[in-house]
Amino acid sequence: MLETNQAKTDALNTTRPFDEKTVMARVHNGDKNAFSEIVVQYQNRLYNTIYRMVSSAEDALDICQEVFLKAFRSINSFRSDSSFLTFLYRIAFNESVNYRKRRKRMVPMDFKCNPHCLTKQEINQNNANHTENTQTEDSNKHIQKALDWLEPELRAVVVLKDIECLSYAEIAQALNISVSTVRTNLAKAREFLRETLKDFL
């Protein structure tokens, strides 16, 4: 499902603007192609968020696949008062936390990845070229290690706010917490990262 041809993606994007409400209505009406459009629209952003949570390109692809399957199976529980991407983020957070509980040893993450449109080809290219700049690689390792030390709730807030640029309200919906908790957790996470990384960045 995630092995979507880029030309097909571009064609869908240029043929008509993506209207989530319209597409979701088609999904609820049994249109088999409609959910594929959801996947095409959101798969790269969702993948990148999961990648930053679990630090493994291969496992992030598997988790992303599982998220879309679970979202499809529970489509009737989706409330249209929030975006479907927020709904996906909520599932992704739970799946990522479960993954991290199962695997304590994580693969170092390459922070040079495109935060919004990372394809499998780009993942392979990034992994192949990750030793080009030793200084950048060392910085990435320190950043990754600092993020790994964060509690999942704090790490998720940082990823969704500082990388995915979600609003406080969207993060609150995605993580099922209050906006005030989002602000508190974000402040804690940023302070921890600043203190931990002050000698490296």
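The values are calculated or read from the model by the stated rules, or taken from the named source; none is laboratory data. All values reported here derive from a predicted model rather than from experimental measurement. Note: ideal-geometry Cβ built from the backbone for every residue, glycine included; neighbour counts use all protein chains shown. For the accessible areas, the whole protein counts, side chains as well, though only heavy atoms, and no ligand, DNA or RNA atoms are used. Shrake-Rupley method; radii C 1.70, N 1.55, O 1.52, S 1.80 Å.
What does the charge add up to near Ser77, with Lys and Arg as +1, Asp and Glu as -1, over the other residues with Cβ less than 15 Å from its Cβ?
Residues near Ser77 contribute +3 overall.
Could you tell me the accessible area of Arg190 in Å² (1.4 Å probe, neighbours in place), rounded to the nearest ten?
About 80 Å², ignoring ligands and nucleic acids.
What FRET efficiency comes out for the pair Val179/Asp31, r = Cβ-Cβ distance, R0 = 41 Å, nearest 0.05? Please list the in-between numbers first.
Numbers: r = 35 Å, r/R0 = 0.85.
The calculated FRET efficiency here is 0.75.
With every protein chain in place, what's the accessible area of Lys141 (1.4 Å probe, Å², nearest 10)?
Surface accessible to solvent at Lys141 totals approximately 100 Å².
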